[in-house]
Amino acid sequence: MDNNRYKPRIKTFGRRWLFRKYKTKTRSSLFKKLSSDERGDEYDDEDESFLSPEIDPCILANELRIFVATWNVAGKSPVGSLAVDLDEWLNVKESADIYVLGFQEIVPLKAKNVLGGEDQTEATNWNLLIGQILNDKCACRWISPSLNPVTSDDYNYINDMSNGTSITSVEEESGNNQCGRYTLMASKKMVGVFISVWINTSLFKRYTISSVKVCAVACGIMGYLGNKGSVSVSMLIEGTSFCFIVAHLASGEKKGDEGRRNHQVSEIFKRTTFTRRFQDDCVPRPLTILGHDQIFWFGDLNYRLYLENDLARELIKKHDWTALQEFDQLRKELGDGGVFQGWREGNIEFAPTYKYSKFNCNRYSGTLPSITGEKQRTPAWCDRILWYGKGVKQHSYFRGEIMFSDHRPVSALFSTHLEVVKSNDAKVVPLQLDVPNSVSFRCAEQDVCNGQRSSTLRSLINQDVEASP
């Protein structure tokens, strides 16, 4: 192998890692020193061209469109005319590269479901319906990877029969998927919390997709049961790491209930970890949520309004969403000192999504006091989508009008910048599928692991791995 061919990519990888790791001014000085050591000369403060993807010939700036959606389905199965409504909700006509769908309460939160073993029946039913809609009623090839491809917390996207997944090769995938545009990449269920990630099959030809991992955190009853909590998916697409977290947080609109939600958010941050395997040591991969480049947190977050019921309903009648948001609990948590400080959310220009009176009804619960047994709830934006990280742009943020449960679904369309490292011959390294039980990452990063990385960079990365929780 001609090792000189990979030198530009080796330098780019090292610089990318250090740029993410040492973001402060003090750490930047370390980065500058290492760069000058590599060049064998003194560092020039005015020469920072290697930090710019537009100038560095080894980095390509690509764009991905990601559709993120959340929906609390109140324990109902996907039956009847739901397919028509779901087709409109997913807006397949303006197709995205990746669909990330989060659900809550896909099973009723009864004791047998919370305390018993996981039953994948409802998750399978939802995946079947989603797959048929994304692939225009075609279910020929996309189901081959299985309906729950990622079921453990340590999984790499490759021919892994241990969890029911079977992937052959990119060529066979594209050849046998004439009518199926999307493949189920990751799926995970914890009691009623469920995530389903679908990727356009064309991405497998264009990019290296690796380190697909999942993690479930239960923080419901007694702090450790799965009636509340989160399921997360982590993955690398070329040089950019993504994390998708769907959460169902504590309910309640009494004073102090927001504190329980904040505590669960903190627990999810603390307890969500993506294990690193021996094969992963050659390339630093994020172990925690905040270690990722681009993060999306969504679900039934259950934050309410600091507002009396009657006043909230008056503002809703006026469609005065701006005034209503001033009393929104989650808006406070996005500010200084909040649990989501630094995170972003698009402008809300739709009515509160919870709580509707009855299924197949477009009236908030408690609107008609004469109806006995109906719960009195102040309407609120319980269902939300947040994001964190640079290079993310939101194009739309809206709610669907499917009258299937007491929640309305919420969706957002994003575009993100994807960092693609290319070799001197300007070819993107394809995904290799010939090495069992791990993603073959035959690129400069793996060659670096064989001893071609500078000793200074190796020691820094090793220290980072040893210090990671």
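The values are calculated or read from the model by the stated rules, or taken from the named source; none is laboratory data. Keep in mind it's a predicted model, so treat the numbers as computed, not measured. Neighbour counts are summed over all protein chains in view; Cβ atoms, including those assigned to glycine, are modelled from backbone coordinates with ideal geometry. Ligands, DNA and RNA are stripped out before the accessible areas are found, and what is left, the full protein with its side chains, is counted by its heavy atoms. Shrake-Rupley method; radii C 1.70, N 1.55, O 1.52, S 1.80 Å.
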(request) For 248, 417, write out the residues from largest to smallest accessible area, computed with a 1.4 angstrom probe and no ligands counted. (result) 417, 248
(message) Can you sort 419, 88 by solvent-accessible area, 1.4 Å probe, largest first?
(response) 88, 419
(message) Under the rule of at least 5 residues apart or a separate chain, name every residue whose amide H is placed under 5 Å from the amide H of residue 201.
(response) 182, 183
(request) Quick one: which residues, 5 or more positions from residue 386 or on another chain, have an amide H under 5 Å from its amide H? H modelled 1.01 Å from N in the peptide plane, none for Pro or chain starts. (result) 297, 298
(request) Output ³J(HN,Hα) for the stretch 331-348: one whole-Hz value per residue in order, computed from phi by the Karplus curve 6.51 cos²θ - 1.76 cosθ + 1.60 with θ = phi - 60°, and x for Gly and Pro. (result) 4, 5, 6, 7, x, 4, x, x, 5, 10, 4, x, 7, 10, 9, x, 5, 7
(message) Amide H of residue 241 versus every other amide H placed in the peptide plane: which residues, excluding those fewer than 5 positions away on the same chain, fall under 5 Å?
(response) 293, 294
(request) Kindly write out, for the stretch 399-409 in residue order, the coupling ³J(HN,Hα) from the Karplus curve 6.51 cos²θ - 1.76 cosθ + 1.60 (θ = phi - 60°), rounded to whole Hz, with x marking Gly and Pro. (result) 10, x, 10, 7, 8, 9, 9, 7, 10, 9, x
(message) Using each residue's phi in the stretch 297-309, evaluate 6.51 cos²θ - 1.76 cosθ + 1.60 at θ = phi - 60° and report the 3J(HN,Hα) Karplus result to the nearest Hz, with x for Gly and Pro.
(response) 10, 8, x, 7, 7, 6, 5, 10, 10, 7, 7, 5, 3
(message) Counting other C-beta atoms within 10 Å, and keeping those with at most 13, which DSSP coil trypsin sites (Lys or Arg not before Pro) do you find in the stretch 189-281?
(response) 254, 255
(request) Filter the trypsin sites (Lys or Arg not before Pro) in the stretch 293-359 down to the DSSP loop ones having no more than 10 other Cβ atoms within 10 Å, then list what survives. (result) 318
(request) Give the calculated FRET efficiency between residue 251 and residue 275 to the nearest 0.05, with a Förster radius of 35 Å applied to their Cβ-Cβ distance. (result) 0.65
(request) Mind giving me the FRET efficiency for residue 415 and residue 224? R0 is 41 Å, r the Cβ-Cβ distance, nearest 0.05 is fine. (result) 0.60
(request) Write down the accessible area per residue of the stretch 308-374 in Å², having rolled a 1.4 Å probe over the full set of protein chains. (result) 58
(message) I'd like to check one number: the per residue accessible area of the stretch 187-260, probe 1.4 Å, reported in Å² as a whole number.
(response) 26
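How high is the FRET efficiency between residue 390 and residue 88 when r is their beta carbon distance and R₀ equals 22 Å, given to the nearest 0.05?
Step by step, r from the Cβ atoms, then E = 0.10.
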(message) Using protein chains only and a probe of 1.4 angstrom, how many square angstrom of residue 336 are accessible, to the nearest 10?
(response) 150
(request) For the stretch 255-406, with all protein chains present and a 1.4 Å probe, just round the carbon and sulfur fraction of the accessible area to a whole percent. (result) 51
